[in-house]
Amino acid sequence: MAMRVGQNLTRCGDAADRPQQEFADETFEESDMNAQSARLRNLALVSLAALSAAAMTLHAGVASDAGEGSRAAEKVLRIPMTTDGPKSLDPVRGSTTYENRCCSQIYDTLVQYKYLKRPYELEPSLLEEMPAISADGLVWHFKLKQGVYFQDDPCFPDGKGREVVASDVFYSWKRVADPKYQFKSFWLLEDTIVGFDEFKLAQEKAATFDYSAPVEGMRLINDCEFELTLKRPVQQFMWRLAQFQLSIVPREAIEKYGDRFNRHPVGTGPFILRSEDDWKIGTSLTLHRNPTYREEFYPDEWMPEDEAFGFHKPAGTRLPIVDRIEVTFFVESQPMWLKFEAGELDYTTVPETAYESAFARRSRNLRPAYANRGITAHKLPLLDFIFRGFNMEDPLLGGYTEEKKALRKAICLALDWEEMNEAYYNGTALVYDGMIPPGLDGYPADGRLPNAWRGPDLERAREYLARAGYPDGEGLPTIDYYTSNGATSERMAALTARQLAKVNIKINPRLVDFSTLIEAVDNKKAPFFSFAWGSDYPDAENNLALFYGPNEAPKPNHFNYKNAEFDALYEKIRTMPPGPERTAIYEKMRDMVLEDCPYAGSMARIRHYLVHPWLLNYKPSETFFTWMKYLDVDDSKRPGASR
């Protein structure tokens, strides 16, 4: 017998009426408004809600009588994505920043990043309040917001989205343990919830995956309350709850669409795809405002520096603000730059080839030609780990013997990261030793470590090449080097080849689209590859997880690095609170990896954004991507707009 999800549970209170979203354009414009006044304003907004709704209803009737010509123009956000686009719109299949950017608009997680707060903080998203945690850190109690609905879709009776219930959380999270999805996101919950790893193992042995099978540490209380019991007090678990892979999805949609859910997403987020045709693979993605999106408002907390950009002014405005988002994919950066120059994109990152057009090389200031057009510049230091990775299972480059390590060290010593920085990042990036980026515990004070293998040191590179059994490169096969296509990729690969050739190491650059690169790395087919990892959350544990043995590909240990002592330390630090003791272990783990040399690097970029004056409220971040719902556009500020 078919059963509606959650129907056998008791309710936790009267459910709110199913919302049909209305939007008011009124906002306060006090330039000195602070958080307290914004909170008072929100109270005023609540008291005015009925009047606003009545006024809008009256306006709708007038507009209907007046005809289509009087309807307000849609607000359309036009943004770039510097890739061929996501591989999937199913969060559990996602692993890249590009899937994150897209899925974060369509789905919701239990918690989300506060848009304007720095350092980063979390707040409830699908939750009514932040989880209540027991004194020992093991039992977490969650309460869902009432009146949150999945978007309308044919997978539901009469095509009307139903309310989110607690069992949806358990179903969504159990998907990461389903072999169908290759366990790409299992690392987020692995060794965390009591009984969850055992559930995964049991389901792997079963003929069919049983989503109804119980997990000891996952307890439903009623339709909107549940508890988790953790195996140990994992410090990073709260941050992981904001990861897009743990978004909440409806079982009905997965069962109706199967693998088509990749292209037919159904979520609770601020935007939706109206049809599968909204995603033109490799070209663009169009997102539309979700008409049943829950009641959510622009934040009333901000940083003092935000006021100079007016980020505080929309406090209390109903979200999302725009009607449609048009995302265009750019494998090459030059077309993106030209579209921004023509006013066809609302913002852009500044490509290396355009840096000196936009900024004065010496002062790093935005040139008057742009500033005089009202364009603003934003500098965003990234939690970045740019590296050249070795597949530790590759017959040539992998292995842990002294000879194998010597070959990888020779390659590292031959590379010149400062030359790469100057040539392709205009000297704005930061070269550093280790895998922990600036700003996180475990980053070396001046970015340098005595035990690192940073080049260029050609004499030592030749010495280690000889130790590896390839004196002067004799007998060393050509190495396949995988990197993604892009505006500068071919030249960057050529520079890497030229640097290595100085010690007679030859590479065969394999320039492929990003999706193919990911596939090659996930399938352990790429012996030597180029990647950039942006930290999922601001804790070095996330970067150290890249070297944890059980996280081997297709999970985020792209190097397939294995070290039992490292793994034991990783399991230890997951439960440790921040402090000198944990930092000391971070540093020890960092140095262990450096000795085994599973990668060459590292570098952290500073991303430069340019924003047209008609794009409002945009505070760039690449740590989270739920920010599109906060953006607004003022078409009256576009060139040639009538005023």
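The values are calculated or read from the model by the stated rules, or taken from the named source; none is laboratory data. Note that this is a predicted model, so its numbers are computed, not measured. Virtual Cβ from ideal backbone geometry, glycine too; neighbours counted across all protein chains shown. All accessible areas refer to the heavy atoms of the entire protein, side chains included, with ligands and DNA or RNA removed. Shrake-Rupley method; radii C 1.70, N 1.55, O 1.52, S 1.80 Å.
Annotations
- Residue list for region 160-189, filter: surrounded by 19 or more Cβ atoms within 10 Å (Cβ to Cβ), at pLDDT below 95 and charged (D, E, K, R): LYS184
- In summary, GLU295 fulfils each of the numbered conditions (1) open to solvent by 50 Å² or more (accessible area, probe 1.4 Å); (2) within 22 Å of the chain's Cα centre (by Cα); (3) under 29 Å from VAL169 (Cβ atoms) with the single exception of condition (2).
- Of the helices (runs of 4 or more DSSP H) lying entirely inside region 312-416, those containing at least 2 residues that are closer than 28 Å to SER484 by Cβ, in contact with a helix residue (DSSP H, G or I) (Cβ under 8 Å, 6 or more places away or on another chain) and among the basic types (Lys, Arg) are 402-414.
- Picking from residues in region 120-138 that are open to solvent by 50 Å² or more (accessible area, probe 1.4 Å) and not in a loop (DSSP other than H, G, I, E, B), the one that is farthest from GLY269 (Cα to Cα) is ILE133.
- Scanning region 539-565 for residues that are within 24 Å of TYR120 (Cα to Cα) and in a helix (DSSP H, G or I) yields GLU541, ASN542, ASN543, LEU544, ALA545, LEU546.
- Those residues of region 566-607 which are at positive phi and either surrounded by fewer than 18 Cβ atoms within 10 Å (Cβ to Cβ) or part of a helix (DSSP H, G or I) (or both), in sequence order: GLY579
- Residue check for THR575: of a type in the set (S, T, N, Q) and at pLDDT 95 or above: no
- Note on region 333-363: among residues that are hydrophobic (A, V, I, L, M, F, W, C) and open to solvent by 60 Å² or more (accessible area, probe 1.4 Å), the one that is farthest from the chain's Cα centre (by Cα) is ALA342.
- Residue match in region 393-413 (condition: polar (S, T, N, Q) and surrounded by 15 or more Cβ atoms within 10 Å (Cβ to Cβ)): no
- Number of the condition not met by ALA445 [criteria: (1) of a type in the set (A, V, I, L, M); (2) without any contact (Cβ under 8 Å) to a residue 12 or more places away in the chain; (3) surrounded by 18 or more Cβ atoms within 10 Å (Cβ to Cβ)]: (3)
- So PRO477, is it without any contact (Cβ under 8 Å) to a residue 40 or more places away in the chain, exposed (fewer than 15 other Cβ atoms within 10 Å of the Cβ) and not hydrophobic (A, V, I, L, M, F, W, C): no
- Where a residue in region 486-501 is under 15 Å from ALA414 (Cβ atoms) and its partner, wherever it lies, is assigned to a helix (DSSP H, G or I) and aliphatic (A, V, I, L, M), with Cβ under 7 Å and at least six apart: LEU495/MET420; LEU495/ALA423; GLN499/ALA414; LEU500/ILE411; LEU500/ALA414
- Assessment of region 577-586 against the conditions (more than 28 Å from ARG93 (Cβ to Cβ) and under 22 Å from the mean Cα position of the chain (by Cα)) yields no matching residue.
- Region 198-237 - residue that is open to solvent by 60 Å² or more (accessible area, probe 1.4 Å) and of a type in the set (Gly, Ala, Ser) and, of those, farthest from the chain's Cα centre (by Cα): ALA207
- Cβ-Cβ distances below 7 Å connect the following pairs, each with a first residue in region 303-321 that is at positive phi, a second residue that is outside any loop (DSSP other than H, G, I, E, B) and at pLDDT below 95, and a separation of six or more residues or different chains: GLY316/ALA38; GLY316/ARG41; GLY316/ASN42; GLY316/LEU45.
- Residue tally, condition under 13 Å from the mean Cα position of the chain (by Cα) and either assigned to a helix (DSSP H, G or I) or polar (S, T, N, Q) (or both), over region 99-119: 9
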